[in-house]
Amino acid sequence: MPWNPNGGGGWNGGQGGGGPWAPRPGGGGGGGGSQPPDLEELIRKSQERVRQLFPGGGGGGGRGGLPSTPVIATIAGLAVGAWLLSGFYFVQPEEKGVELVFGHLNAVTDSGLNYNWPWPIGSVLKPQVTRVNRVEVGFRSSGVSQAGSRVNAREVPEEALMLTGDENIVDINFVVFWRISDPALYLFNIRDPADTVKAASESAIRELVGQTPIAEVTTEGRRQIEQRGREIIQALMNEYGAGVVIDEVQLQKADPPQEVIDAFRDVQRAMADRERAQNEAEAFANDIIPRARGEAERILQEGQAYQQEQVARAQGEAQRFLSVLAEYRSFQDVTRQRIYLETMESVLNGTQKTLIDQPDGSQGVVPYLPLTELPRSAAPSGRTPASGAGSSTILPDPSTTGGTQ
C-alpha cells in the first residue's frame, strides 16, 4: 500500500496524517508535519563522546574538535612500541626456541631471554627437548609407578600379537623412550612424531620377532631384540628426518597367548627335561669315553712293552747261548764243569739237604748233628761251622761219590 502523508492507510493505519516520521502524540514536534533526524546533531554528539576519551577532554584540537596530530602520533608511537616489546620471549632450560617469520623458520635459540618479530609477523615455538617421551605398543596404561611398572594396563591385541620365526604366536608388550634431537626437523618434517615413532617401533619389532624362534623371544633373546630394535627404529627416524633420538626399547612382556600359555609351559618343561637328560648323557659320555680310551692306550703300551721285553730277553738269551757255545768250543772240559756247577747251584739253592764229602770215603755222620741248622747259622757269621766229623756243606766232585743226608 503506498504511503500517504495526508490520508488514512499506510504505516499510520489511517489515524491522522504525517506518515511514519510523524511525531507521537504529546511529543515536542512543532506543527503537524514530519521532521527527519538531525544529522549534524548526531555528529556533534559523537565528537563530544570522542573528546571525552582523551586527556583534557579534547579542549584544544583541530578541526571539528578532534584530537590534535601530536596526540595521535604519540598514541600511535606508544602502540607500536608496545607491539615491538611483545616480541621478547623467554626460553626455559628444558626447551628450545624455534623462531618463525611469516611462517618460515628463522632461527633456533637456546634457553634465556630472546627476541623475535611479534605477531602477526613472527611467532615462537618452544618444544621440550630434554623430556623423555614414552610410546607404548601392545598395551595402554593409565600411568607408571615409581618402580616403572604399569598401572591399570589395558591390552591391545591387534598390536601385541606377533608371528615368530617358527610360526608361533607370541604376545609382546614393549615401550619405546625417545627425545627431541633437532627441534626444527621435529616440528616441520613429520606431522605427528609420536604416531610416527609408534608405527616405526611396531614395524621394527615385528620384523625381528618374525626372524626369531619363540623360545628365544621368550627367554635369552629378549635383550638382543631390544638392542637391534633400537638400532632399526633409529635408522628409520634418521631416514624420515624426524629429529628424534631413540634412547631405549624395553620389552615389558613376551609370552605365548593367554589361551595356550599352560600348554606352552608344559612343552617348555618337557624341552628343559630333554635338555637336562642330554646334558647328563653328554657328561657321562665325556667322562667314560676318555677313561676307556686311556685304559685302552695303557693296555696297548703294556703290550708293546711286554713285546719289547720278551724280544730283548730272547735276544739276550740267544746271545748268551752263543757266547757260551763259543767258550765251550774253546774249553770244553772247563766249560762243562762250570755249567754243571751253575746248574746244580740253581737246582739245590732252596733245599734243606746237606751234602757231605768225606775225604777217606767213609759215610759216618754224627746222629745228633743239626745238619739243617748249618746253613742258617753259617749265614750271619759268614763262616762255615765245623761239624763233629769236621765237614761242611759242600757239593761233591763229579768224579767222586758222596753221601747224602
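The values are calculated or read from the model by the stated rules, or taken from the named source; none is laboratory data. Remember, predicted model here, so these are calculated numbers, not experimental data. As a convention, Cβ positions derive from the backbone with ideal geometry for all residues, glycine included, and neighbour counts pool all protein chains shown. Side chains are part of the model used for accessible areas, which takes the heavy atoms of the whole protein and leaves out ligands, DNA and RNA. Shrake-Rupley method; radii C 1.70, N 1.55, O 1.52, S 1.80 Å.
Please find, within segment 203-217, the residue that is most open to solvent (accessible area, probe 1.4 Å) out of those that are within 27 Å of ALA270 (Cβ to Cβ) and not hydrophobic (A, V, I, L, M, F, W, C).
Looking at the filtered set, the residue picked out is GLN211.
Return the only residue of ARG179, ARG131 being in a strand (DSSP E or B) and out of contact with any helix residue (DSSP H, G or I) (no Cβ under 7 Å at 6 or more places or on another chain).
Details: ARG131 fails: in a strand (DSSP E or B).
Answer to the selection: ARG179.
Going through segment 247-265 one residue at a time, which ones are open to solvent by 80 Å² or more (accessible area, probe 1.4 Å) and either part of a helix (DSSP H, G or I) or at pLDDT 90 or above (or both)?
Result: ASP262, ARG265.
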